[in-house]
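One structure below.
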Amino acid sequence: MKKYINSITIREKTFDNGGSALNVSINIEKFNKEATEFITEKGYITLNIARRKEKGKYDETHFAYIYIKDEEEKPKPKLMENKEDDELPF
């Protein structure tokens with residue numbers, strides 16, 4: 001599940017030489033309210049940045065979100081699970 005962070009605005013600036021930079025604006029007061037519950041034990045928040053399909057109302061080119069692992073998500077099955085040592089996987 002994704003939790004979109006609405007307090008961050010990201011715009012990409014492209015230069016004539018082909019380079020680019022991301023301009024990031026953060027409303028600190030709103031960000032603190034949105035992100036406080038996602039702070040890790042070490043005091044970090046992991047933000048994911050993704051490109052928008054279309055520019056936003058204020059020319060935003062990217063958006064930020066926090067990935068939240070659902071409690072119901074199951075781990076991926078292991079390929080060699082329940083195999084005897086002498087059995088080959090093919």
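Quick notes on this structure:
- Compared with the alpha-carbon gap, the fully stretched path from S25 to Y65 is longer by 13.0 nm at 0.36 nm per residue.
- For I39, neighbours were defined as the other residues whose beta-carbon sits under 15 Å from its Cβ, and their charges (Lys and Arg +1, Asp and Glu -1) total 0.
- Counted charge near E12, where neighbours are those whose Cβ lies closer than 12 Å (Asp, Glu -1; Lys, Arg +1): +3
- Ranked list, fewest to most other Cβ atoms within 10 Å of each Cβ, for E29, E12, E41: E41, E29, E12
- Positive contributions from Lys and Arg (+1) and negative ones from Asp and Glu (-1), summed over other residues with Cβ under 10 Å from the Cβ of N27, come out at 0.
- Protection proxy ranking for 13-25, 55-67, using the average of other Cβ atoms within 10 Å per residue and placing the highest first: 55-67, 13-25.
Since every read-out is calculated from the coordinates, none of them should be taken as a lab result. Since this is a predicted model, take the numbers as computed values, not measurements. When we count neighbours, we look across all protein chains shown, and the Cβ atoms used for this are built from the backbone with ideal geometry, even at glycine.
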